[in-house]
Amino acid sequence: YNLTYKNSVENHLIPYFGKHKISQIKQFDIQTYFNKKSKKLSVGSLKKHKMALNKIFEYAVLNDLCTKNPVTMIKIASDIKEVEKRTYTKEQCEKVLEYTHEHRYGLDVYMMLEYGLSRSELLGLMWEDVDFENKLMYINRGVTDVQDANTGKMRVVIGEPKNDFRKRVIPIKEATIEFLKSQLNDSKFVICNALNTVCSPRTWSRRHFDVFMRDMHEHYA
C-alpha cells in the first residue's frame, strides 16, 4: 500500500495535479505528466502512478465528478534504463547451499533457495508447520512490516498470504529435516529475532540476509 499507492499519490500525483479540479484534467495533461516523469522515473514506478491515477478517475466517473476516464489511452515510456536482473547459475546455487551449512544464518537462505520461500513466508514459518514424520512443510502465513497511518511507526503484522494459492504444502528432503533439527530454538518461529519472537522483515534483511551475503562473498573471494 505504502509503496504502490500512498507514495505515488502523496509524493507525486497530488503535488502535480492537486490544485486542479478533477473535471478539468484532460488526457493531454496526464500524458504531459508522464512525459515529464519519464526523465526521472523507471517504467515500473510510472506504472504504479498510472494505476493509482486510473483508480482515482474510475471512482470520479462513478460519482459523476467527471464524464470519462482520461487515463485509459495514456502511453508510458522512460529514459531510465531498467536494471538487468541476474540469477545464479546451477553451480553458483550449489556453492551458496554448501555455505549455508557453515553460517549462523545459513538456514534462512537455504530454505529460500531450496524451496522458493519468499522473505515473508520464511519469517512466518512456525515449527508447528513442519511435519518431520511425513517430511512436509506447510506454508500458512506471511510476515510484513506495516506503517501505522496515524503515527507513522512501523509494526510487524502476521497474517495469511495475500493470495490463496500461496498456501501450499511442500515435500522436504531428509537433509532439510536434519538441518532444521540442528537449528531448533525456544521460539515458535523457525527463524526468529534475539528475543525469540517474530522477526521484522526489514530487520531480518539487514541483520541476517545482508550479513550472510557479505560473509559468503568474503568466504569465496
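The values are calculated or read from the model by the stated rules, or taken from the named source; none is laboratory data. As the structure is a computational prediction, the values presented were derived from the model and not from experiment. Quick reminder, even Gly has a Cβ in these numbers, built from the backbone with ideal geometry, and neighbours come from all protein chains shown. These area figures cover heavy atoms from the full protein model, side chains too; ligands, DNA and RNA do not enter into them. Shrake-Rupley method; radii C 1.70, N 1.55, O 1.52, S 1.80 Å.
Might you check whether a residue that is closer than 28 Å to I139 by Cα and surrounded by fewer than 17 Cβ atoms within 10 Å (Cβ to Cβ) occurs anywhere in the stretch 102-111? Within the stretch 102-111, one or more residues are closer than 28 Å to I139 by Cα and surrounded by fewer than 17 Cβ atoms within 10 Å (Cβ to Cβ). Residues in the stretch 78-99 that are surrounded by fewer than 10 Cβ atoms within 10 Å (Cβ to Cβ) and free of Cβ contacts under 8 Å to residues at least 24 places away in the same chain: 9 in all. Cβ separations smaller than 9 Å between residues 6+ apart or across chains give the following pairs from the stretch 7-26 residues that are in contact (Cβ under 8 Å) with a residue 12 or more places away in the chain to residues that are exposed (fewer than 10 other Cβ atoms within 10 Å of the Cβ) and not in a helix (DSSP H, G or I): S23/T67.
Here H49 passes the criteria (1) farther than 30 Å from I158 by Cβ; (2) within 20 Å of the chain's Cα centre (by Cα); (3) assigned to a helix (DSSP H, G or I); (4) without any contact (Cβ under 8 Å) to a residue 40 or more places away in the chain except the one numbered (4).
Within the stretch 40-51, the set of residues being open to solvent by 100 Å² or more (accessible area, probe 1.4 Å) and of a type in the set (V, I, T) is empty. Residue count for the stretch 127-186, restricted to those that are touching a residue at least 12 places away in the same chain (Cβ under 8 Å), part of a loop (DSSP other than H, G, I, E, B) and either in contact with an Asp or Glu (Cβ under 7 Å, 6 or more places away or on another chain) or more than 21 Å from W204 (Cα to Cα) (or both): 7.
Scanning the stretch 52-77 for residues that are more than 14 Å from S23 (Cβ to Cβ), open to solvent by 80 Å² or more (accessible area, probe 1.4 Å) and not aliphatic (A, V, I, L, M) gives K55, T72, K75.
When the criteria are applied in full, M137 fails the requirement of being touching a strand residue (DSSP E or B) at 6+ places or on another chain (Cβ under 6 Å) and open to solvent by 60 Å² or more (accessible area, probe 1.4 Å). Among the residues examined, V9 qualifies as open to solvent by less than 80 Å² (accessible area, probe 1.4 Å), in contact with a helix residue (DSSP H, G or I) (Cβ under 8 Å, 6 or more places away or on another chain) and not hydroxyl-bearing (S, T, Y).
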